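One structure is given below, encoded as structure tokens.
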Amino acid sequence: MQINVGAVKLELNKENLLYTIEAAGHIWQQDESFCPHFCLKDGGKLVFRGADVIRHEYKKSGVGEGILSHFEWDFFSIETLAWIEYVTEEVHFELIPGEGELPFTQVYWPGCFSFEKKSRAAYTVMPVLQGLLIPNTWENEVRKLPFDGQFCSSGAYMPWFGQVEEGRGYMAICETPWDAGYSIDHPAGGPYTHVYPYFLPSLGKFSYRRSLRYVFLKKCDYNDLCKVYRSYAIETGLLTTLKEKAARNPLVDELIGAVIVHKGIKTHVSPDSVFYDREQPEKNDVLIPFSARTREILHYHQKGVKKLYLHLDGWGAPGYDNQHPDYLPACPEAGGWEGLKELSDAIQDCGYLLGLHDQYRDYYTDAATYDREYALHGADGTVFEMSRWAGGRQNYLCATQAPYYVKRNFEEVLSHGIRLQASYLDVFTCNEPDECAHPQHRMTRKECLEYRSACFSYLWSKGILPSSEECGDWAMRELVFCHYGPYDFMLQKPGSPRRGVPVPLFNLVYHDCMILPWFMDRQPEGEDDMLYALLNGGAAYLDRDGAYPDTDGAFDSEAERKLSEEIERCAVVSGLQERVAKCEMVRHEFLDGGYDRQRTLFSDGTTVTIDLKTGKYEIR
């Protein structure tokens with residue numbers, strides 16, 4: 001069956017149920033090894049072409065035309081619709097629920113394109129963290145992605161992926177990303193890369209229409225794909241710039257150009273945590289008084305640091321990552337509310353900014369108000385439990401409860417005269433959205449993101465700039481900054497095989513919408529992270545005490561350097577950031593045919609060129 005709209009041709013092979021699309025002067029054919037299917041809970045598969053009844057018909061509306069397919073089994077039915085939009089000539093793939101229920105874990109459709117050209121000029125781009133480019137000739141195998149490639153997590157800051165072959169390319173945008181993701185198959189050395197979009201059930205059911213939008217380009221690279229998505233983000237209202245956010249709260253301008261200092265107060269590691277040190281148990285408990293942090297802030301000021309943001313961990317009575325959401329009062333052993341207020345006053349007097357680390361997903365079983373009934377419940381009534389982080393045994397808190405706890409805790413903090421300019425709600429933009437089947441607080445993944453957004457909105461209502469761990473674009477309307485938006489390799493131990501070439505996909509879309517801090521470490525293999533901070537026009541970490549060893553990029557990779565040297569390096573990054581923070585990143589490119597020399601161009605005309613091999617940079 002074949003549909004023609006303008007310069008686009010869509011064809012369905014009724015025998016293998018695969019599509020071929022001719023668009024922008026190129027033929028994109030789905031790989032013959034792929035078979036559309038449901039993955040069942042019992043480990044089996046339900047393949048589309050095994051349906052008892054299969055019907056296809058042409059479908060036409062006022063906005064486009066395509067092919068509607070009906071699949072029916074004795075107990076279940078679905079429909080698929082592949083159609084071409086008249087105005088844009090984009091191809092839409094829709095998976096439509098029918099009758100009956102199916103106990104499935106994932107459904108893979110519409111499948112991957114055959115992408116077999118063994119060439120570095122044939123590459124796949126994916127929004128894994130800041131961004132990843134995988135040439136078809138990439139030497140390392142790539143099959144496992146963070147959070148299994150689930151959209152709205154660090155596995156995909158943005159819900160799209162794309163492929164380019166010698167200037168001809170496409171991108172797939174998931175318009176219903178809450179219950180969706182993508183898988184990848186790239187064997188060591190290539191010669192191909194296959195990307196498979198998938199959809200998840202919502203509360204155990206296939207209950208609503210799922211949609212993917214495919215855009216085809218005749219002459220493009222990954223920059224062009226990012227600009228297509230930027231237009232989509234504007235069209236859907238996601239793109240909210242720092243200029244708009246600064247108009248809402250002028251503190252945004254105070255944060256631009258500030259160096260980031262990440263410090264802690266109290267650490268307590270429970271014996272059932274995987275981080276518990278049995279050989280040196282004294283390391284499991286650390287206490288730094290608030291007064292010591294106050295002295296550090298004054299010292300930074302004396303050293304000439306003009307703008308600074310302090311991200312404070314472990315300020316509550318139980319210690320870092322303990323007993324959430326019942327974290328109050330301020331740690332008594334460290335000086336209590338009086339000590340925290342003295343610190344906040346000193347920060348205010350220096351013209352600096354203060355933000356507190358807080359957590360409303362990890363639900364610790366020893367919290368004072370812990371109630372298993374308010375933990376996330378699976379469809380079978382099970383409650384997830386683990387003992388990884390410092391606080392030991394925990395579940396996940398149902399996000400329906402999070403806004404209430406945020407309000408309860410912050411009202412108490414503010415009542416003690418603590419002056420907060422910002423705050424950090426951990427993991428909301430890193431971990432995948434949750435769903436909960438408890439009958440008293442049922443919640444879909446989409447609703448989960450709405451409850452997380454409500455927490456950020458509460459902070460806005462109090463004049464507090466919201467941040468979270470990473471930079472998922474689902475939260476772009478509310479988030480001002482985050483802990484980091486790094487490249488994938490930065491969260492791996494130095495020397496680990498890389499999954500691909502780092503590219504700033506997120507910043508090519510959203511640079512003028514968020515403030516992203518960058519590491520400033522010099523790596524053992526020779527790379528200087530400062531170069532990436534400059535290339536991306538971001539903020540700089542002046543001092544960063546990792547909460548856990550060898551986790552989240554906190555690796556003992558270099559000797560201590562003098563504070564004055566660090567301040568000088570950070571001043572270069574901050575000066576550039578103050579110039580370009582509100583500018584769109586127009587383009588990124590690799591120079592000289594390799595990956596070491598790179599350049600970015602910002603909308604005010606500023607260019608930044610770095611050389612990872614020599615450590616040199618140029619700002620023009």
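Filter the range 344-356 down to residues that are of a type outside the set (Gly, Ala, Ser), assigned to a helix (DSSP H, G or I) and either more than 24 Å from residue 456 (Cα to Cα) or open to solvent by 10 Å² or more (accessible area, probe 1.4 Å) (or both), then give me how many there are.
Total meeting the criteria: 3.
Of the numbered conditions (1) touching a residue at least 24 places away in the same chain (Cβ under 8 Å); (2) farther than 20 Å from residue 420 by Cα; (3) among the hydrophobic types (A, V, I, L, M, F, W, C), residue 286 fails exactly one; give the number of that condition.
(1)
Of all residues in the range 155-168, how many are in contact with a Ser or Thr (Cβ under 8 Å, 6 or more places away or on another chain) and closer than 17 Å to residue 199 by Cα?
Looking only at that region, the number is 1.
Among the residues that make up the range 430-449, is at least one of them open to solvent by 30 Å² or more (accessible area, probe 1.4 Å), farther than 19 Å from residue 205 by Cβ, out of contact with any strand residue (DSSP E or B) (no Cβ under 8 Å at 6 or more places or on another chain) and not in a loop (DSSP other than H, G, I, E, B)?
no
Which of the residues that make up the range 290-332 are open to solvent by 50 Å² or more (accessible area, probe 1.4 Å) and farther than 20 Å from residue 414 by Cα?
If the condition is that a residue be open to solvent by 50 Å² or more (accessible area, probe 1.4 Å) and farther than 20 Å from residue 414 by Cα, then 295, 296, 298, 299, 301, 302, 303, 306, 323 are the ones that fit.
Test of understanding: among 261, 274, 252, which residue is assigned to a helix (DSSP H, G or I) and touching a residue at least 24 places away in the same chain (Cβ under 8 Å)?
Values: 261 fails: assigned to a helix (DSSP H, G or I); 274 fails: assigned to a helix (DSSP H, G or I).
That would be 252, the only listed residue that is assigned to a helix (DSSP H, G or I) and touching a residue at least 24 places away in the same chain (Cβ under 8 Å).
Residue-by-condition table, conditions (1) touching a helix residue (DSSP H, G or I) at 6+ places or on another chain (Cβ under 7 Å); (2) among the acidic types (Asp, Glu); (3) under 26 Å from residue 571 (Cβ atoms):
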| position | (1), (2), (3) |
| --- | --- |
| 461 | no, no, no |
| 469 | no, yes, no |
| 475 | yes, no, no |
| 486 | no, no, yes |
| 501 | no, no, no |
| 505 | yes, no, no |
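Give just the number: which of (1) modelled with pLDDT of 95 or more; (2) buried (at least 24 other Cβ atoms within 10 Å of the Cβ); (3) under 15 Å from the mean Cα position of the chain (by Cα) does residue 471 not satisfy?
If we test residue 471 against (1) modelled with pLDDT of 95 or more; (2) buried (at least 24 other Cβ atoms within 10 Å of the Cβ); (3) under 15 Å from the mean Cα position of the chain (by Cα), just (1) comes out false.
The rows are residues; the columns are (1) at pLDDT below 95; (2) out of contact with any Phe, Trp or Tyr (no Cβ under 9 Å at 6 or more places or on another chain); (3) buried (at least 23 other Cβ atoms within 10 Å of the Cβ); (4) under 30 Å from residue 590 (Cβ atoms).
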position	(1), (2), (3), (4)
79	no, no, no, no
102	yes, no, no, no
124	no, no, yes, yes
133	no, no, no, yes
144	yes, yes, no, yes
152	no, no, yes, yes
167	yes, yes, no, yes
171	no, no, yes, yes
183	no, no, no, yes
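Identify, please: which residue in the range 26-35 is under 21 Å from residue 216 (Cβ atoms) and not aromatic (Phe, Trp, Tyr) and is, among those, surrounded by the fewest Cβ atoms within 10 Å (Cβ to Cβ)?
Going through the qualifying residues, I end up with 32.
Restricting the search to the range 271-323, which residues are among the acidic types (Asp, Glu) and within 26 Å of residue 426 (Cα to Cα)?
272, 277, 285, 296, 313, 321
Can you find a residue in the range 224-237 that is of a type outside the set (Phe, Trp, Tyr) and outside any helix (DSSP H, G or I)? If you could, list the steps in order and put the result at the bottom.
The initial filter retains those residues of the range 224-237 that are of a type outside the set (Phe, Trp, Tyr), namely 224-228, 230-231, 233-237.
The next check asks that each one be outside any helix (DSSP H, G or I); those that pass are 236-237.
Among the residues of the range 224-237, at least one is of a type outside the set (Phe, Trp, Tyr) and outside any helix (DSSP H, G or I), which makes the answer yes.
At pLDDT below 95 and of a type outside the set (Gly, Ala, Ser): is that true of residue 477 in this structure? Give the steps one after another, and end with the answer.
Working: at pLDDT below 95: no; of a type outside the set (Gly, Ala, Ser): yes.
It is false that residue 477 is at pLDDT below 95 and of a type outside the set (Gly, Ala, Ser).
Name the residues in the range 55-70 that are touching a residue at least 24 places away in the same chain (Cβ under 8 Å), closer than 20 Å to residue 20 by Cβ and either exposed (fewer than 14 other Cβ atoms within 10 Å of the Cβ) or of a type outside the set (Lys, Arg) (or both), would you?
56, 58, 64, 65, 66, 67, 69
What's the total number of residues in the range 243-256 that are closer than 18 Å to residue 574 by Cβ and surrounded by fewer than 22 Cβ atoms within 10 Å (Cβ to Cβ)?
Adding up the residues that qualify gives 6.
I need every pair where a residue in the range 562-575 that is in contact (Cβ under 8 Å) with a residue 40 or more places away in the chain and closer than 15 Å to residue 531 by Cβ has its Cβ under 7 Å from the Cβ of a residue that is assigned to a helix (DSSP H, G or I) and not acidic (Asp, Glu), sequence separation at least 6 or different chains.
569/530; 573/530; 573/533; 573/534
The values are calculated or read from the model by the stated rules, or taken from the named source; none is laboratory data. The structure displayed is predicted, hence computed values, not measured ones. With ideal geometry, Cβ positions are generated from the backbone for all residues, glycine too; neighbour counts draw on all protein chains shown. What goes into the accessible areas is simple: the full protein's heavy atoms, side chains included, and nothing from ligands, DNA or RNA. Shrake-Rupley method; radii C 1.70, N 1.55, O 1.52, S 1.80 Å.
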